[in-house]
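Undergrad: I have a structure here, written as structure tokens, and I will follow up with some questions on it.
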Amino acid sequence: MLPPYSFELLGLALLALLAWLVWDSLQAREAAVAASRNACGAEGFQFLDDTVAIESVRPARDAHGTLTLRRIYGFEYTETGDTRRKGSVVMLGARVTLVHIGARSTVYDAERADC
């Protein structure tokens, strides 16, 4: 038989896990917005709505074999101001690994500190 306080401890652990997931997701989203804005600026495109939307979240392993979350964010940009086009950012943990914009995909080096 479990002690009566074990359910409360389990509830607190689950709440802490949820809080960490929200905090980690917000940090990853901020990095995805910055990467999208920089990629659009480098190509001479306009980053629309100044936001990204989550498209996929799943567990994955990074280059060191550590289990982390792989997130794919979508965003919209325009080349001429007339049409909206879709781009995407792939994050592995808090690190940007790929930005797809236009006909180009920019792969980020896993060891870069500024991503």
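Undergrad: Residues in the stretch 17-55 that are among the β-branched types (Val, Ile, Thr) and over 20 Å from Ala103 (Cα atoms): how many?
TA: 3
Undergrad: Something else about it: Pairs needed: first member in the stretch 16-38, in contact (Cβ under 8 Å) with a residue 40 or more places away in the chain and within 26 Å of Tyr77 (Cβ to Cβ); second member anywhere, surrounded by 15 or more Cβ atoms within 10 Å (Cβ to Cβ) and of a type in the set (Ser, Thr, Tyr); C-beta distance under 6 Å; at least 6 residues apart or different chains.
TA: Ala32/Tyr73
Undergrad: Going by the structure shown, is Arg58 among the basic types (Lys, Arg), over 15 Å from His100 (Cβ atoms) and either out of contact with any strand residue (DSSP E or B) (no Cβ under 9 Å at 6 or more places or on another chain) or modelled with pLDDT of 90 or more (or both)?
TA: Spelling it out, Arg58 is indeed among the basic types (Lys, Arg), over 15 Å from His100 (Cβ atoms) and either out of contact with any strand residue (DSSP E or B) (no Cβ under 9 Å at 6 or more places or on another chain) or modelled with pLDDT of 90 or more (or both).
Undergrad: Just one of the numbered conditions (1) touching a residue at least 60 places away in the same chain (Cβ under 8 Å); (2) in contact with a strand residue (DSSP E or B) (Cβ under 9 Å, 6 or more places away or on another chain) is not true of His100; which one?
TA: (1)
Undergrad: Out of all the residues in the stretch 84-115, which are modelled with pLDDT of 70 or more, closer than 24 Å to Trp20 by Cβ and of a type in the set (A, V, I, L, M)?
TA: Val89, Val90, Met91, Leu92, Ala94, Val96, listed by residue number.
Undergrad: Check the stretch 40-50 and report whether any residue there is surrounded by 11 or more Cβ atoms within 10 Å (Cβ to Cβ), assigned to a strand (DSSP E or B) and free of Cβ contacts under 8 Å to residues at least 60 places away in the same chain.
TA: yes
The values are calculated or read from the model by the stated rules, or taken from the named source; none is laboratory data. Please read these numbers as outputs of a predicted model, since none were measured by experiment. Counting neighbours? That spans all protein chains shown, and the Cβs are built from the backbone with ideal geometry, glycine included.
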